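Worksheet for the structure shown next.
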Amino acid sequence: MLQSQLFWRSVATSSRHTCLPCLIRQYATKVEPVSTTPPSSPIQPTVATSDTSTKALQTDGTPQPTQPATSSRRQETAFALRTYKPRTPGVRHLRRPINDHLWKGGPYRPLTFPKIGQGKGGRNNRGRVTVRHRGGGHRRRIRTVDYKREAPGPHTVLRIEYDPNRSSHLALLENNQTKAKSYIIAADGLREGDVVESFRAGIPQKLLDEMGGMPDPGMLAVRTALRGNCLPIRMAPMGSQVFNIGSAVNRGGVFCRSAGTYATVISKTERPKTKKEENANESNSSAAIAEPEQEKSKDGKPLSTSTANPDSPNTSNATGPPHSTGRAVPSTTTKPTAVARKNRKKGEFLDVIIRLQSGELRKVSPDACCTFGVASNPHWHFRQLGKAGRARWLNKRPSVRGMAMNAADHPHGGGRGKSKGNRPPVSPWGTPAKSGYKTRKKRNTHVWLVQDRERNQGKRRSKNA
């Protein structure tokens with residue numbers, strides 16, 4: 001041992017004058033190039049994007065230039081998520097969308113009621129568990145949301161609030177005339193102080209006067225198709241994005257109410273003309289060739305516009321100027337439900353076809369409500385809870401795999417090791433869960449469905465699709 005140490009000492013002293021590459025051990029080192037620019041700050045802020053990666057910022061606060069992504073669509077539309085320093089394991093993977101515009105206080109108390117009872121645990125009125133994996137959670141108050149929006153007139157947005165009962169945000173409105181408050185689903189981009197309006201009761205007389213007494217489709221779309229406004233879907237321009245869509249006249253919004261959802265207006269089915277209307281059009285065309293005569297009373301004197309026949313196209317009606325199709329515009333004092341029932345057969349459209357985000361095409365009533373824009377909080381589905389306890393706060397209980405249970409509790413339970421007894425995947429009650437098992441009845445046809453969404457039919461969908 002002492003002889004080997006003496007040998008290496010002699011080699012080290014002799015290496016000052018001679019190089020022995022065969023005896024000296026060498027390591028791979030990286031030579032850093034000399035930089036003439038001043039060194040950057042040792043601490044650089046990071047911003048978490050939608051692909052859950054971090055990007056360093058330059059000294060002026062702008063992100064460093066990167067190569068444009070060509071394959072992923074999500075990388076092209078990057079946005080910021082709020083991240084936290086991993087002081088505890090529960091916040092290491094916590095990701096939240098940035099919503100600094102939300103109201104920091106509590107809800108408007110008169111429009112709420114507490115969520116109590118056995119429904120929090122997924123049970124019905126008999127106490128039976130109908131929805132599994134639910135229970136516990138933080139205390140909540142249900143917000144009463146106005147899905148119909150029948151009140152006419154301008155409404156001012158007081159604030160945008162967080163709602164624990166849904167993924168989208170709520171907007172607290174105040175009627176400018178009656179000072180009544182109500183909750184609606186906020187549109188993306190809606191802020192405090194904005195003014196929204198509902199046109200379900202008809203076109204206001206002031207707007208008709210600005211259009212010259214007759215509804216102009218182009219000007220009407222410019223004045224009504226604004227973010228947060230509610231109106232019958234037959235008045236929505238083609239290709240517009242709407243949410244909180246109703247299916248019938250008397251119902252509120254039932255489609256596209258979750259965060260970031262919307263539907264696109266595809267087409268409008270026009271009502272075919274009846275024989276009576278065709279004969280009326282022929283008579284009007286023949287009368288237009290001859291010289292028009294003014295309508296006279298019994299004594300031979302001409303009638304004024306106020307005493308003339310209200311069905312004539314050149315006279316004004318008590319409910320407003322008529323449409324080009326002969327349909328009168330209801331006033332703001334008429335209830336929209338009564339107007340819809342009265343004009344259901346006389347309307348110019350039978351139904352409106354919309355395309356949902358799933359690809360499904362379906363028909364809705366032309367007098368059903370809709371709100372312009374996209375539902376608020378569109379980055380909600382990119383969130384990460386970070387820990388299991390945060391899911392328990394949201395009234396979510398853990399789910400147990402069937403193979404981890406006993407044979408008495410699940411068809412996949414029992415046995416030694418990870419085995420389910422050569423049985424296809426089934427539910428706890430024996431219903432097949434995969435392999436394209438059909439659960440809908442063939443005789444129960446969907447009359448409102450135009451084109452069904454794309455389904456996998458038990459096969460794995462290709463990544464290129």
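Yes/no matrix, rows are residues, columns are (1) open to solvent by 80 Å² or more (accessible area, probe 1.4 Å); (2) within 28 Å of GLU161 (Cβ to Cβ):
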{"site": "THR83", "(1), (2)": "no, yes"}
{"site": "THR88", "(1), (2)": "no, no"}
{"site": "ARG92", "(1), (2)": "yes, no"}
{"site": "PRO97", "(1), (2)": "no, yes"}
{"site": "GLY105", "(1), (2)": "no, yes"}
{"site": "GLN118", "(1), (2)": "yes, yes"}
{"site": "ARG126", "(1), (2)": "yes, no"}
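Per this entry, PRO366 is counted among residues that are over 30 Å from PRO164 (Cβ atoms) and in contact with a strand residue (DSSP E or B) (Cβ under 9 Å, 6 or more places away or on another chain).
Considering only segment 181-202, state which residues are among the β-branched types (Val, Ile, Thr) and buried (at least 17 other Cβ atoms within 10 Å of the Cβ). Walk me through it before giving the result.
In the first step, residues of segment 181-202 are kept if they are among the β-branched types (Val, Ile, Thr); the result is 184-185, 195-196.
Within segment 181-202, ILE184, ILE185, VAL196 meet the criteria.
Scanning segment 241-252 for residues that are within 12 Å of the chain's Cα centre (by Cα) and open to solvent by less than 10 Å² (accessible area, probe 1.4 Å) yields VAL242, PHE243, ASN244, ILE245. Scanning segment 152-163 for residues that are at pLDDT below 95 and in contact with a Lys or Arg (Cβ under 9 Å, 6 or more places away or on another chain) gives a single hit, PRO152.
The rows are residues; the columns are (1) modelled with pLDDT under 95; (2) assigned to a strand (DSSP E or B).
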site: TRP103; (1), (2): no, no
site: PRO107; (1), (2): no, no
site: PRO110; (1), (2): no, no
site: ILE116; (1), (2): yes, no
site: LYS120; (1), (2): yes, no
site: GLY127; (1), (2): yes, no
site: GLY136; (1), (2): yes, no
site: ILE142; (1), (2): no, yes
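Taking the conditions (1) surrounded by 20 or more Cβ atoms within 10 Å (Cβ to Cβ); (2) touching a helix residue (DSSP H, G or I) at 6+ places or on another chain (Cβ under 9 Å) in turn, ALA171 satisfies each one other than (2). Contact map, segment 413-426: residues that are over 8 Å from MET403 (Cβ atoms) and open to solvent by less than 60 Å² (accessible area, probe 1.4 Å) paired with residues that are at pLDDT 90 or above and part of a strand (DSSP E or B), Cβ distance under 8 Å, separation 6+ or inter-chain. Pairs shown: PRO425/PRO432; VAL426/PRO432. The residue list TRP429, TRP448, TRP393 contains one member that is open to solvent by 100 Å² or more (accessible area, probe 1.4 Å), over 30 Å from GLY137 (Cβ atoms) and either hydroxyl-bearing (Ser, Thr, Tyr) or at pLDDT 85 or above (or both), which is TRP448.
Being within 24 Å of ARG251 (Cβ to Cβ) and surrounded by fewer than 15 Cβ atoms within 10 Å (Cβ to Cβ): is that true of GLY153 here? Before you say what the answer is, go through the steps one by one.
Values: within 24 Å of ARG251 (Cβ to Cβ): yes; surrounded by fewer than 15 Cβ atoms within 10 Å (Cβ to Cβ): yes.
Here the answer is yes, as GLY153 does meet what is asked.
Could you list, in sequence order, all residues of segment 203-240 that are open to solvent by 40 Å² or more (accessible area, probe 1.4 Å), under 25 Å from ARG251 (Cβ atoms), touching a residue at least 60 places away in the same chain (Cβ under 8 Å) and of a type in the set (A, V, I, L, M, F, W, C)? Answer for segment 203-240, where residues must be open to solvent by 40 Å² or more (accessible area, probe 1.4 Å), under 25 Å from ARG251 (Cβ atoms), touching a residue at least 60 places away in the same chain (Cβ under 8 Å) and of a type in the set (A, V, I, L, M, F, W, C): just LEU226.
Among all residues of segment 177-191, there is at least one that is under 20 Å from the mean Cα position of the chain (by Cα) and among the acidic types (Asp, Glu). Restricting attention to segment 178-202, the residues being without any contact (Cβ under 8 Å) to a residue 60 or more places away in the chain and outside any strand (DSSP E or B) number 6.
Going through (1) within 29 Å of ASN395 (Cβ to Cβ); (2) without any contact (Cβ under 8 Å) to a residue 60 or more places away in the chain one by one, HIS138 falls short only on (2).
The values are calculated or read from the model by the stated rules, or taken from the named source; none is laboratory data. None of these values were measured; they are calculated from a predicted model. So basically every Cβ, Gly included, is an ideal-geometry build from the backbone, and we count neighbours across all protein chains shown. Surface accessibility is based on the protein's heavy atoms, side chains included, excluding ligands, DNA and RNA. Shrake-Rupley method; radii C 1.70, N 1.55, O 1.52, S 1.80 Å.
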